[in-house]
Each structure stands twice: as structure tokens, then as C-alpha cells.
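K.L.:
Pasting a structure below so you can have a look.
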Amino acid sequence: MGVVGLAAWTRQPPQGGATIAGNIKFTGAKPANPKIDMTEEPKCKAKYQAPPTEEVVVVNPNGTLANVFVYVKSGLPATYKAPAPAGSVTLDQDGCRYHPHVLGIMVGQNLEIKNSDGILHNIKAKGTKNRPFNISQPTTMTSTRTFTAPEVMVPLECNVHGWMHAWLGVLAHPFYGVSGSNGGFSIKGLPPGTYTIEAWHEKYGTQTATVTVTGSETKAQDFTFAAK
Ligand SMILES: [Cu+2]
């Protein structure tokens with residue numbers, strides 16, 4: 001199993017160590033996402049061929065589930081120190097939707113919030129462990145914010161466009177991933193140990209698994225979410 005479907009946000013994978021990788025399976029009938037009426041935002045509407053939808057449940061063509069945040073919830077050695085985050089993470093507002101819809105970031109790492117639409121967006125972060133913020137971006141611009149405490153997840157939304165939602169996982173370590181268009185995730189560079197891995201989805205909630213790794217081995221761990 002390779003590294004598949006990782007979201008395109010920047011993260012420096014630690015070198016060496018073990019890997020936990022798997023697929024997010026989905027069973028049952030695939031629900032339809034609400035269509036977004038962008039009539040009042042012609043600049044955004046023009047960016048779509050077909051009417052855009054929200055991204056509450058994104059089932060991939062291969063039957064897997066995208067936008068699942070998978071992370072090490074517990075089990076790291078008490079002595080573990082995360083290296084300083086390299087680079088920033090970008091959240092783009094393009095076509096009046098957030099890209100990506102689900103993303104991760106480390107404590108202290110820069111989040112670049114980009115307005116590529118050139119129309120008014122107002123992003124609001126509604127965390128409880130991190131200080132909430134509310135940033136008006138009237139035109140094409142980028143704002144930078146950082147987060148001070150682990151929190152899974154920080155809800156992000158736009159005060160101008162009620163359909164715009166994104167979810168940000170903040171962690172004090174780099175052991176996380178998001179399932180992408182192949183439904184795969186991969187957590188690399190783990191020290192030997194027994195870990196609680198949690199898979200989070202905005203509609204279907206969380207699931208956990210216990211995985212023990214040693215050396216530089218790769219352990220497979222799949223999760224299955226059922227339609228409801
Ligand atoms: Cu907006």
C-alpha cells in the first residue's frame with residue numbers, strides 16, 4: 001500500500017519510524033449533498049460547469065470516503081517532542097468553497113487563509129480550546145493565523161456564505177492525515193508504541209482503533225463508515 005490520497009497541505013513527514021496506513025471504507029447508500037445556489041455571487045457561480053454542492057459526504061468513485069481526518073489520539077511517548085512545523089498550511093477560498101474542506105495543522109504552524117475570489121468572505125473559527133477569530137477579507141488577499149492548543153476539530157465557516165464550511169484539526173505532533181480521492185490515509189514516522197488512532201468524519205462521527213508498531217514496519221488499519 002502506498003501513500004494515497006493525502007491532501008495537499010504542507011507537512012514535513014518525520015524520517016524513519018513506523019507507518020500506519022489504510023483506507024476509509026463506506027457502506028450503504030451514498031447520500032446526496034445539498035446543492036449550493038450561488039446566484040448572488042456570479043463570480044463564484046461562473047467557476048462551475050454544474051451546480052456546486054456542499055461537501056458533507058464525499059464518497060469516491062472507488063467507494064471510499066474522503067475528508068476523514070485520521071490522527072494519533074494517544075500513545076506517544078511522554079518524551080516525544082514534535083519538530084518545529086515546516087512551512088505553512090493553506091486554506092483557499094475559491095469558487096465560494098473552502099479548499100481543502102478538511103485539513104490538519106500543527107500547533108504554532110502558520111495557516112494562510114487565502115481569498116482567491118476577490119469578493120467579500122468573512123472567515124470565522126469557532127474553536128473552544130483555541131481563541132476564536134473572525135476575519136473580514138473584502139478582496140483578494142491572504143491572512144495568517146496560528147493555533148495554540150490541540151483541538152479536533154476547529155469548525156471554520158463564512159459569515160457571508162452560509163454554505164461554506166471547513167474543518168481544521170490542530171495537533172501538537174505531525175501524526176495525522178486526511179483521506180483524499182482514493183480514500184487512503186498514511187501516518188508516517190511513528191516511534192515504536194501502541195497508539196489509539198481516531199478517524200473523524202463531520203457527519204458520521206469518530207471511530208478508534210488500537211495499533212502497535214515497532215521499527216520501520218507498516219501496519220494496515222482500515223476504518224468503515226456506514227451511511228445513516
Ligand atoms: Cu464566503
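K.L.:
Do we have any residue at all in segment 112-124 that's within 13 Å of the chain's Cα centre (by Cα) and either hydroxyl-bearing (Ser, Thr, Tyr) or open to solvent by less than 40 Å² (accessible area, probe 1.4 Å) (or both)?
P.N.:
So the first thing to find is which residues in segment 112-124 are within 13 Å of the chain's Cα centre (by Cα), and the list is none.
Within segment 112-124 (the criterion being within 13 Å of the chain's Cα centre (by Cα) and either hydroxyl-bearing (Ser, Thr, Tyr) or open to solvent by less than 40 Å² (accessible area, probe 1.4 Å) (or both)), the answer is no, since none of the residues qualifies.
K.L.:
Which residues, taken from segment 59-70, are surrounded by fewer than 22 Cβ atoms within 10 Å (Cβ to Cβ) and in a loop (DSSP other than H, G, I, E, B)?
P.N.:
To start, the set of residues in segment 59-70 that are surrounded by fewer than 22 Cβ atoms within 10 Å (Cβ to Cβ) comprises 59-63.
Correct list: Asn60, Pro61, Asn62, Gly63.
K.L.:
Return yes when Val170 is in contact with a Leu (Cβ under 6 Å, 6 or more places away or on another chain), more than 16 Å from the ligand (Cβ to nearest atom) and open to solvent by less than 20 Å² (accessible area, probe 1.4 Å) and no when it is not.
P.N.:
Details: in contact with a Leu (Cβ under 6 Å, 6 or more places away or on another chain): no; more than 16 Å from the ligand (Cβ to nearest atom): yes; open to solvent by less than 20 Å² (accessible area, probe 1.4 Å): yes.
Here the answer is no, as Val170 does not meet what is asked.
K.L.:
Hey, among the residues in segment 81-98 that are in contact with a His (Cβ under 7 Å, 6 or more places away or on another chain) and surrounded by fewer than 21 Cβ atoms within 10 Å (Cβ to Cβ), which one's farthest from Phe147 (Cα to Cα)?
P.N.:
Asp92
K.L.:
Further question on the same structure: Go through segment 69-100 and count every residue that is more than 25 Å from Asn122 (Cα to Cα), touching a residue at least 12 places away in the same chain (Cβ under 8 Å) and β-branched (Val, Ile, Thr). Spell out how you get there, then give the answer.
P.N.:
Here is the first cut: in segment 69-100, the ones more than 25 Å from Asn122 (Cα to Cα) are 70-86.
Within this subset, residues satisfying the condition of being touching a residue at least 12 places away in the same chain (Cβ under 8 Å) are 70-77, 80, 82-86.
From what is left, the residues that are β-branched (Val, Ile, Thr) are 70, 72.
Total meeting the criteria: 2.
K.L.:
Among the residues of segment 140-167, how many are open to solvent by less than 10 Å² (accessible area, probe 1.4 Å), within 16 Å of the ligand (Cβ to nearest atom) and within 24 Å of Leu65 (Cβ to Cβ)?
P.N.:
3
The values are calculated or read from the model by the stated rules, or taken from the named source; none is laboratory data. None of the values given here were measured: they were computed from a predicted structure. Reconstructed Cβ throughout: ideal geometry from the backbone, glycine too, with neighbour counts over all protein chains shown. To get the accessible areas, we keep the full protein, side chains included, count just its heavy atoms, and leave off ligands, DNA and RNA. Shrake-Rupley method; radii C 1.70, N 1.55, O 1.52, S 1.80 Å.
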